[in-house]
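First comes the structure, then the notes that go with it.
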Amino acid sequence: MPDITLTQLRSMKQRGEKIAMLTCYDATFAHTSAQAGVDMLLIGDTLGMILQGHDSTLPVTIDDMIYHTASVKRGNSGSFIIADLSFMTCATLERALSNCGRLMQAGAQMVKLEGGEWLAETITQLTRNGVPVCAHIGLTPQSVNVLGGFKVQGRGQDQAAALVETALTLEKAGAAMILVEAVPAALGRAIALAVNIPVIGIGAGPDTDGQVLVLHDMLGLSLGGRVPKFVRNFMADGGTIQAAIACYVSSVKDGSFPAAEHSYTE
Ligand code: KIV
Ligand code: NA
């Protein structure tokens, strides 16, 4: 099966068909998730926490990202592959271009970077050079030390309006997708309505154009830390990993995930 394209993902938004995305770090899970109907596989820098056991995503290197992206690429059949730019790898335009070149050559079909308006020029240049960009806004875990913890973002009218503005600016700069993390459900909805590109949410309520979860979280696996409110353990419904992932996909598609209990209020 040919991989899903950005054109198809855009028309899913227009049709109102929910997009199901999961993180993925290796070939076997890429195969399993693609078979279960996951539309997009994200090689997230959460691999620093999930696979490597760090307490943040900051230690992850671009070589780590390339290794896992190449692994996912080899197992994938049909999903759209997005790779994260890890900490400091797009701090200058030059770095962004060379690191994205490597990620795309390893098998990524889009890159994701964390940040706001200041990345507009980087996004424009990457797109001109053949690299579609997903802009990650809201809670941006690489800035955990600036934010003062993993906290809900965009609370209150001013903060919410500012985040909608950020989304519009990044769309105008050429971003092909937005990922919004840990914001009130009403703001997730407002961002999805404001832009024409697909908006994927995690802890952003039910009204974004799609959802993403960390694979290990939705399989109920953890290192023992606190599980975020927006996570649902699909193994409880599924019984097997294949069934759990299929249940995640169908729950995103039919709108039953996320429910109110997985969402933040204003
Ligand atoms: O790194 C990651 O897995 C992510 C998702 C949590 C969105 O960025
Ligand atoms: Na990430």
Hey, can you grab everything whose amide H is under 5 Å from the amide H of H54? Only 5+ residues off in sequence or another chain; H modelled, so Pro and N-termini drop out.
M49
Taking θ = phi - 60°, what integer Hz values does the Karplus form 6.51 cos²θ - 1.76 cosθ + 1.60 yield along region 115-128, in sequence order, with x for Gly and Pro?
x, x, 3, 5, 8, 4, 5, 4, 5, 4, 5, 4, 4, 4
Value of [θ]222 nm, deg cm²/dmol, for the chain, DSSP H segments ≥ 4, -39500 (n - 2.57) each, nearest 500
-12000 deg cm²/dmol
Karplus-derived HN-Hα couplings along region 83-93 (A = 6.51, B = -1.76, C = 1.60, θ = phi - 60°), whole Hz, x at Gly and Pro
10, 6, 7, 6, 3, 6, 7, 10, 5, 10, 4
Ordered by packing density, taken as the mean number of other Cβ atoms within 10 Å over each peptide's residues, highest first, how do 227-236, 100-109, 141-150 rank?
100-109, 227-236, 141-150
What is the set of long-range amide H partners of I19 at a cut-off below 5 Å, with H atoms built 1.01 Å from backbone N?
G210, Q211
Could you identify which residue out of I200, I178, I50 has the top mean-square fluctuation in a GNM of the chain using Cα springs shorter than 10 Å?
I50
Quick one: which residues, 5+ away or cross-chain, put their amide H under 5 Å from the amide H of E114? H built at 1.01 Å from N.
H136
Across region 51-56, in residue order, what do the Karplus-derived ³J(HN,Hα) couplings come to in whole Hz, using 6.51 cos²θ - 1.76 cosθ + 1.60 with θ = phi - 60° and x for Gly and Pro?
9, 9, x, 6, 9, 7
Note to self: Kirkwood Rh of the chain, Cα pairs, one decimal, Å, is 18.1
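Read the figures in this text as sums done on the coordinates, not as results from a lab. Since the structure is predicted, the reported quantities are computational estimates derived from the model, not experimental observations. Cβ coordinates were reconstructed from backbone atoms using ideal geometry, including for glycine residues, and neighbour counts include every protein chain displayed.
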